[in-house]
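What follows is a set of notes on a single structure, which appears directly below.
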Amino acid sequence: MLPQILKDKVDNVLYNVVDALDAGFSILDKDLNIVCANEKLSSILNLEYDPIGKTCREVYKCECKDNKYCSVFQALSSGKKQFCETQLITERGERRYIQNISTPLKDEKNGITHLLKLSIDVTAQEEKIHQLSLLRKLAELMQGTLQIDRLLHLILTCVTAGTALGFNRARLFLVDKERDIVYGKMAVGPSSLEEANRIWSEIAKKYEKLEDLIQASEDNYRDDTPLHMITRLMAYSLRDENEVIVSCVKNKKIIWERDAFHNPNIDKKFVNMIGANEFVCIPLIAKDETIGVICVDNLYSKKPIIEEHIQGLTTFANRAALAIENAAAYKILSEKVRQLEETQDRLIRSERLAVIGNMAAYVAHEIRNPLATIGGFARSILRASNQDDQIRQNAGIIVEEVSRLERILANIMDFSKPVESVKVASQINEILENICSLMDPYFKNGRIKLTKIFNSMIPKIIIDPTQIKQVFLNLIKNAVESMPGGGALTIETIVEDKHIKINITDTGEGMTAEIMQNIFVPFFTTKVDGTGVGLAVSHKIVDDHGGYIKVKSSLQEGTTFSIYLPI
Ligand SMILES: Nc1ncnc2c1ncn2[C@@H]1O[C@H](COP(=O)(O)OP(=O)(O)OP(=O)(O)O)[C@@H](O)[C@H]1O
Ligand SMILES: [Mg+2]
């Protein structure tokens, strides 16, 4: 036994040791109430109250659901020193990783009277390990994403995700070499402190895995947030090297601004747009060229940015730049492939049209004369046979059939003859009005209710009015023919981007997918007396005008043909 004076000394030394410890220190009684704690414990756990008298669970807020993983319970039941690592969310909503060592304190009879709990904050190390593995996962995710907008959003989500790089807000700027500018493309982050607090506590509780967070953020992706919209307004000429973003692009160096509000060298307008006193701009460099800039800040948490965070961001930015470059190259490539396919399609179509046209012209020409002769003879038989009913009836059928064949022939020859187009400035609404009044009796006969929705603002366009009229006639005729029992026909003119769009909608029988695939093939028809040239000709005419046709159809509901003519 130590003499009292020595004991006091030891106590004193112990107190000092406990206070100097770089770990949280607490002593618990057997009911797990805290009876003694040092200051460090309060700072690790962000406590805003005195922990003494509170229960262990209340103060430590451990997330372990089962007592068997809790070092305190283990130490109490086994009587031996125990280790555990826990995660907890502090009062301020921060995630902490704590290593705990619980040691039973025993009396002379070896009975446990108290527990000593040492808590070491390993958040920094854990986050680093976590971050590295996340960055690796991220790189994989990025390489697999070729859709550029999805990829950009993914990048910004990772920059702001607490589990990854954890900046409050991130904006992405992209270089547009053609326009010689760098412009704000996208931004991710809360728009106010309240929103920030709400999101962070939600995220900290809900999403431990980055994949979950990414999924959630994709599902909640919004491009109407104030931050995003302000960022979209930002654009700078690449020649203006005084601009922060431009200088980051040009010098390919990180810009770490710690006191923007008082820095006379930064453009005030830019600082106002960013709104944060401290921010970092990181160039996105791919193949030695800056393709964009990521600008981050911690406006809401006010957490100072540290070297380590920037290192993480730089590693990430390099990978992100490569992924963006890949996705952009892929976009250009797929656009080129699409153009190529379209050209090939057009070539095949016009080639096929030309071949069929020539053949049709030849056949039609060969048939026309004998057909005229047959028709002539049949008519004379018809005239001569006044008594014999059977002969008269047969001759009548021949005359009728011949004139049907002649009509088809005229159609075919129309289709195959080369047309000289005469293009003049014309008003589409007028052409349509004209056709509608011409076809009025036809509509009435077929019990068709016509609705015209003409946009009076559509400009005149340069077209061959005779040819375009032919297109409208073909499509309207088809629409009426698809509604043998009557129905509704709607003709609408719309200005869409750089086109005039004419919708011709019927409530007819519609088409199957198989029919839709063939409708523009010359001589394809599903009608008993159809020639199958109406749509092939219409397609060619619209094509020659630099336009295109789209079709939407559903069986028993109806069809809409949309003709797009360039303005
Ligand atoms: N509005 C429509 N509703 C349903 N099917 C349609 C419609 N328009 C076209 N089709 C289908 O497309 C086919 C081809 O149309 P196209 O106008 O080229 O030839 P057609 O009408 O059969 O004959 P033609 O126009 O030469 O007298 C039609 O036979 C029909 O099956
Ligand atoms: Mg037709």
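The values are calculated or read from the model by the stated rules, or taken from the named source; none is laboratory data. Just so we're clear, the structure is a prediction, and the values are computed from it rather than from any experiment. Cβ atoms come from the backbone with ideal geometry, glycine included; neighbour counts cover every protein chain shown. Quick note on the areas: whole protein, heavy atoms, side chains included, nothing else; ligands and nucleic acids left out. Shrake-Rupley method; radii C 1.70, N 1.55, O 1.52, S 1.80 Å.
Close amide H partners of residue 487, meaning residues 5 or more places away or on another chain with modelled amide H under 5 Å apart, are 448, 449. Quotient of the Cα radius of gyration of the stretch 53-129 and 2.2 N^0.38 Å, N being its number of residues: 1.19. Computed from the C-beta positions of residue 420 and residue 387 and an R0 of 51 Å, the FRET efficiency is 0.45 to the nearest 0.05. Label sites at residue 106 and residue 46, each approximated as a point 7 angstrom past Cα along Cα to Cβ, lie 4.0 nm apart. Scalar couplings 3J(HN,Hα) for the stretch 78-92, obtained by applying the Karplus form with A = 6.51, B = -1.76, C = 1.60 to θ = phi - 60°, are 8, x, 10, 5, 9, 10, 7, 10, 10, 10, 8, 9, 6, 3, 8 Hz; x denotes Gly and Pro. Out of the total accessible area of the stretch 420-566 (probe 1.4 Å, heavy atoms of protein only), what percent is carbon and sulfur? The nonpolar share, carbon plus sulfur, comes to 53 percent. Cross-link partners of residue 287 among lysines, defined as those whose alpha carbon lies under 20 angstrom from its own and excluding same-chain residues fewer than eight positions apart: 177, 250, 252, 253, 331.
Legend: residue pairs 80/109; 423/460; 81/117; 54/80, Cα-Cα distance threshold 19 Å; pairs beyond threshold, 54/80. Surface composition of the stretch 4-121: carbon and sulfur make up 52 percent of the accessible area, probe 1.4 Å. Calculate I(q)/I(0) for the chain by the Debye formula, one identical point scatterer on each C-alpha and no solvent, and give its log10 at q = 0.09, 0.12 Å⁻¹ to two decimals. Each listed q maps to, in turn, -0.90, -1.16.
Applying 0.36 nm per residue to the separation of residue 406 and residue 440 and subtracting their alpha-carbon distance, the gain on full extension is 9.6 nm. For the chain, the dipole from Cβ point charges (+1 on Lys and Arg, -1 on Asp and Glu) about the Cα centre works out to 380 debye, to the nearest 20.
All Cα-Cα separations within the stretch 420-566 were binned at 5 Å from zero, giving a P(r) of 2, 10, 20, 24, 21, 15, 7, 2, 0, each value a whole percent of the pairs.
Given in Å, the Rg to one decimal and the Dmax to the nearest whole number for the Cα atoms of the stretch 335-461 are 22.7, 73. The figure for residue 343 is an accessible area of roughly 80 square angstrom, using a 1.4 Å probe on the protein chains alone.
Across the stretch 235-248, computed HN-Hα scalar couplings (Karplus, 6.51 cos²θ - 1.76 cosθ + 1.60, θ = phi - 60°) run 8, 9, 5, 5, 8, 8, 6, 6, 5, 4, 4, 5, 5, 5 Hz from first to last residue, x flagging Gly and Pro. Per residue, the convex hull spanned by the Cα atoms of the stretch 4-121 amounts to 103 cubic angstrom.
Only lysines eight or more places from residue 444 in sequence, or on another chain, were considered; those with a Cα closer than 23 Å are 452, 469, 477, 527.
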